[in-house]
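Okay, structure first, notes after.
The values are calculated or read from the model by the stated rules, or taken from the named source; none is laboratory data. Being a predicted model, the structure only gives us computed values, none of them experimental. Cβ atoms come from the backbone with ideal geometry, glycine included; neighbour counts cover every protein chain shown. Only protein heavy atoms, including side chains, enter the accessible area calculation; ligands, DNA and RNA are left aside. Shrake-Rupley method; radii C 1.70, N 1.55, O 1.52, S 1.80 Å.
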Amino acid sequence: MDARLTPANGRVAATTLRGHVTAEAFVTGTPIRITAPVTDIRQSPDGPRDRQRLLGASVTRYEDRAGWSFVQGIDGYVGYIRSTDVGEGATPTHRVATRATHGYSDQDFKSPERVTLPFDARVAVLDERPKFFETDQGYIPKKHLRALDRPFADPVTIAQLHFQSPYLWGGNSTFGIDCSGLIQAALGACDIDCPADSDMQRDGVGEHVSGRYQRGDLMFWKGHVGMMVDTDVMIHANAHHMAVAYEPIAAAITRIAAQGDGPLLAHKRL
């Protein structure tokens, strides 16, 4: 079993794993939500970041111990999150639909901001005012939110919204993002299921194709993924540019091979 997707840590395990893993206790888990704008999912308490989760995301908590919650997200990814970053939380109704936004203390852009949120952070709208929504995170400009029952239609447009976001290993937000985080953000905003890491995406998203590239195609290398914007240019979060950047696909194939990261492994279409 892939440890990244297996809700078991030796002390506790999901009841569905009984008979498959060894644990001191088997538990059903408790649904909770992310309450911080962005939080890291770690391999172990105080360990390295594997991925991130954004405000309002639903997770299942299997253990709360010494300030760390052992959780599993809706994409199946498992890890440890600081217990201060999860809680009951209001049920989200809207997502941040711009690169970032602020939650203000009043329905006035000159009022002090309470929080800064990245794209796809999820909030509960409590009331509607002329130019702002009152939310559980403060007053947010109405133009910056989109109802969750209105998913986006084009993953490429969402990937492009992340243009020039800084590169961050394991990142999943416009504050910092990596290659697979960009693909998951782009597909997720369009209600397309997408696993978290590039190897999982290569195995689980789209169909293998060959020949001419087209908008939305996914291009995979060992440990890397990008998305075609048109027949010639790819957008991807990468450490070469240290940002989400555009790059001609032919140049990318040559450069990635030259730096020792191997050939293009897969060309897939949604």
With R₀ set to 30 angstrom, the calculated FRET efficiency between the beta-carbons of residue 257 and residue 99, to the nearest 0.05, is 0.40
Quick one: if the Förster radius is 41 Å, what FRET efficiency do residue 110 and residue 153 give, using the C-beta to C-beta distance and rounding to 0.05? 0.70
Suppose we flag GluC sites (Glu not before Pro) only when DSSP calls them loop and at most 15 other Cβ atoms lie within 10 Å. Which is the longest uninterrupted stretch of the chain? 89-270
Using the basic label-point model (7 angstrom from Cα toward the beta carbon), what is the residue 191 to residue 84 distance in nanometres? 3.7
Percent of accessible area on the chain owned by carbon and sulfur, 1.4 Å probe? 50
Taking the Cα-to-Cβ direction at residue 231 and at residue 215 and moving 7 Å from each Cα, how far apart do the two end points lie in nm? 1.4
Return the sequence-ordered ³J(HN,Hα) values of the range 243-250 in whole Hz as given by the Karplus equation 6.51 cos²θ - 1.76 cosθ + 1.60 applied to θ = phi - 60°, using x for Gly and Pro. 5, 6, 9, 8, 8, x, 4, 4
Computed from these coordinates, which is Rg/Rh (Cα atoms, Kirkwood Rh): (1) 0.99; (2) 1.02; (3) 0.97? (1)
Residue with peak Gaussian network fluctuation, the chain [Cα springs, cutoff 10 Å], from 224, 162, 236: 224
What FRET efficiency, computed as 1/(1 + (r/R0)^6) with R0 = 45 Å and r the Cβ-Cβ distance, is obtained for residue 208 and residue 65, rounded to the nearest 0.05? 0.55
Which residue, 143, 222, 110, tops the fluctuation ranking in a GNM of the chain built on C-alpha contacts under 10 Å? 110
Give the accessible surface of the chain per residue, rounded to a whole number of Å², with probe radius 1.4 Å and ligands, DNA and RNA excluded. 47
GNM top mover of 216, 226, 206 - the chain, alpha-carbon springs below 10 Å: 206
Just to check I understand the Karplus step: with θ = phi - 60° and J = 6.51 cos²θ - 1.76 cosθ + 1.60, what whole-Hz values come out for the range 58-68, glycine and proline as x? 8, 9, 9, 9, 9, 7, 10, 8, 6, x, 10
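Using alpha-carbon pairs under 8 Å, 6+ residues apart, how would you state the relative contact order of the range 85-180 in percent?
Relative CO of the range 85-180 lands at 25 percent.
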Residue separation between residue 1 and residue 129 times 0.36 nm, minus their alpha-carbon distance, gives in nm 41.1 nm
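Arrange the residues 173, 105 by how much accessible surface each exposes, largest first, with a 1.4 angstrom probe.
On the way: 173 5, 105 60 Å².
The residues order as 105, 173, largest area first.
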